[in-house]
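The values are calculated or read from the model by the stated rules, or taken from the named source; none is laboratory data. The shown structure was predicted, so the numbers you read here are calculated from the model rather than taken from an experiment. All Cβ positions, glycine included, derive from the backbone under ideal geometry; neighbour counts span all protein chains shown.
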Amino acid sequence: MQPYFSNIFFNIILIGMAGVGKSTAGHVLARICDKKFIDTDELIAKQVGMGLQKYLDQVGIDAFQQLEENTLLTIRPQGLVVATGGSAIYSETGMAHLQTTGVIVLLEARIATLETRVNNQDTRGLINPEGGSFRDLYLARRPLYRKWAGLRIAADTGSPEAIARKIFDRLPDTVLPST
């Protein structure tokens, strides 16, 4: 089996809760790996011509999640660093597809850290199917994130550069699925 980073076409897909640093560390990681960076939330916002919260308010959770899944399904193994929206893990089809394009990296942080970082929960475009608090959402999503993670990286502390470097340093431990 070949290490992931030896394949220029493999993607590095970042998943995790809002506020964990997927986009911030993702930009740095893309620079380190000499890969292009994309953010699926930005792709969706550009496609609909408005912010995620406004779109979510207009169309509802089901339509938003369908568009998010469709966006995930457009990603091909082409040497990308991909920051997904925090709710991407609700799409079994989308996540299974992403798994075929590269390694899925879960950025993890404690709930107290995330609550400090995410001070715009009502306007951020968070998908919260069960309602409830941010903490409830965190607890509900955690098993789904872990289900899909090929690699788990602590992102509570450290600069975006340090977190990106942790991911990069751990990539040799991850191998391509046998074909």
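A compact table of results
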item: Residues that are outside any helix (DSSP H, G or I) and in contact with a Ser or Thr (Cβ under 8 Å, 6 or more places away or on another chain), drawn from segment 24-50; result: Asp39
item: For Leu56: the one exception among (1) part of a helix (DSSP H, G or I); (2) among the hydrophobic types (A, V, I, L, M, F, W, C); (3) at pLDDT 95 or above; result: (3)
item: Failed item, numbered, when Ala45 is tested on (1) over 16 Å from the mean Cα position of the chain (by Cα); (2) free of Cβ contacts under 8 Å to residues at least 12 places away in the same chain; (3) surrounded by 14 or more Cβ atoms within 10 Å (Cβ to Cβ); result: (1)
item: Residue, modelled with the highest pLDDT, within segment 109-134, restricted to residues that are under 27 Å from Met50 (Cα atoms) and among the basic types (Lys, Arg); result: Arg117
item: Check on Leu106, assigned to a strand (DSSP E or B) and either at pLDDT below 70 or of a type outside the set (D, E, K, R) (or both); result: yes
item: Residue within segment 28-46 that is closer than 26 Å to Ser159 by Cβ, out of contact with any helix residue (DSSP H, G or I) (no Cβ under 9 Å at 6 or more places or on another chain) and modelled with pLDDT under 95 present; result: yes
item: Criterion violated by Ala83 - all others in (1) more than 23 Å from Ala140 (Cα to Cα); (2) in contact with a strand residue (DSSP E or B) (Cβ under 6 Å, 6 or more places away or on another chain); (3) not basic (Lys, Arg) satisfied; result: (1)
